[in-house]
Amino acid sequence: MHFAVLQFPASNCDQDCVHAVRVLGHTAEFVWHKDTSLGVADAVIVPGGFSYGDYLRCGAVARFSPVMQAVKQFADQGGLVLGICNGFQILCEANLLPGALIRNRDLQFHCEQVFLKTRNFATPFTSLIPPARPLKMPIAHGEGCYFADPETLAKLQAGQQILWEYCDVTGATTEAANPNGSVLNIAGVANERFNVAGLMPHPDRASEALLGSEDGRFVFESMVATLVEQRRQQAA
C-alpha cells in the first residue's frame with residue numbers, strides 16, 4: 001500500500017511516519033502543503049509537528065493549505081485519513097473531525113509514555129488491536145486536551161466514535177492516567193463514517209522495539225488490512 005504523508009512548514013514527524021510505514025513493508029511519499037493533489041495514495045497521514053509555528057491556534061493556519069482541499073475530497077470519497085498529534089489538531093480545525101484540542105490542563109508541555117484503552121475495535125484504525133490490551137505510545141504536546149460540547153460528546157459516545165482513551169497500565173481510565181485533562185480521557189476519535197481518525201499519542205514513534213514500544217504498528221496494520229479488504233471486494 002502507498003501512503004501520502006503531508007508536509008507543512010514546521011512539520012517534524014513527517015519522516016517518523018514515512019519510516020513507520022516502510023518498517024511495515026509499504027511505501028510512502030511526502031506531499032507538500034502547497035500541492036493540490038495527493039497522487040496515487042491509498043491512505044493519508046497528517047503528521048505531528050508545529051505547522052506554521054502553531055500561530056493563532058494549533059492547526060488553524062494549516063487547514064487553509066491547498067493540500068487540505070485534496071485531503072477533504074479524498075475523505076469525502078471514503079479514503080482513509082489518519083491525523084497524529086498536530087495532524088489531529090489540523091483535522092479538527094478543518095472540520096474533518098469533531099471537537100478541538102486546547103492547552104493542557106497544567107499548561108505544561110508533556111513528553112512521556114502513556115497507555116491507551118481502545119474503545120471500538122470495529123474500525124479501519126483499530127481492527128487488529130488485541131482486545132483488552134492497553135497500547136503504549138509516547139505523547140509530545142502542549143495543546144493536547146480534547147474538548148467538545150456536551151451534545152458532541154453524547155454523539156461521539158452514541159456512535160462509538162471515541163476510539164482511544166488514556167488509561168493506566170491495567171487499562172483503567174483514571175484521572176491520574178489523563179496527562180492533559182482531556183474530557184472523558186479522550187485520546188483519539190473518528191468521524192461518523194470511520195474513515196477519518198485522529199489521536200494525540202504517536203503510533204509513528206512506537207513502531208519498533210528499539211523505540212520502547214511496537215504498539216503503534218497495530219494502528220497502521222489495521223489501516224493496511226482495511227485497504228487490502230477493500231481491494232479484494234473491488235476485484236470480486
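The values are calculated or read from the model by the stated rules, or taken from the named source; none is laboratory data. This structure is a prediction, so every number in the text was calculated from the model and none was measured. Cβ sites come from the backbone with ideal geometry, for glycine too, and all protein chains shown count toward neighbours.
Total residues in region 179-198 satisfying the condition of being surrounded by fewer than 22 Cβ atoms within 10 Å (Cβ to Cβ), without any contact (Cβ under 8 Å) to a residue 60 or more places away in the chain and touching a Leu at 6+ places or on another chain (Cβ under 9 Å): the figure is 2. Test Gly83 against the criterion of being within 20 Å of His110 (Cα to Cα) and at pLDDT 95 or above, and give yes or no. The answer is yes for Gly83. Across region 7-37, the qualifying residues are those that are closer than 16 Å to Arg63 by Cβ and assigned to a loop (DSSP other than H, G, I, E, B), and the one among them that is nearest to the chain's Cα centre (by Cα) is Phe8. Note on region 87-115: residues that are part of a strand (DSSP E or B), more than 13 Å from the chain's Cα centre (by Cα) and of a type in the set (A, V, I, L, M, F, W, C) amount to 5. Scanning region 162-201 for residues that are at positive phi, assigned to a loop (DSSP other than H, G, I, E, B) and touching a Lys or Arg at 6+ places or on another chain (Cβ under 9 Å) gives Gly171, Gly181.
Quick check: anything in region 212-231 part of a helix (DSSP H, G or I), of a type in the set (A, V, I, L, M) and buried (at least 24 other Cβ atoms within 10 Å of the Cβ)?
Yes, region 212-231 has at least one match.
Number of residues in region 75-86 that are in a loop (DSSP other than H, G, I, E, B) and in contact (Cβ under 8 Å) with a residue 12 or more places away in the chain equals 3.
Taking the criterion of being modelled with pLDDT of 95 or more, under 17 Å from the mean Cα position of the chain (by Cα), within 13 Å of Phe88 (Cβ to Cβ) and not charged (D, E, K, R), would at least one residue in region 168-180 satisfy it? Checked region 168-180: at least one residue is modelled with pLDDT of 95 or more, under 17 Å from the mean Cα position of the chain (by Cα), within 13 Å of Phe88 (Cβ to Cβ) and not charged (D, E, K, R). Here region 34-65 is the region considered, the condition is being surrounded by fewer than 18 Cβ atoms within 10 Å (Cβ to Cβ) and not hydrophobic (A, V, I, L, M, F, W, C), and the residue that is farthest from Thr226 (Cα to Cα) is Tyr55.
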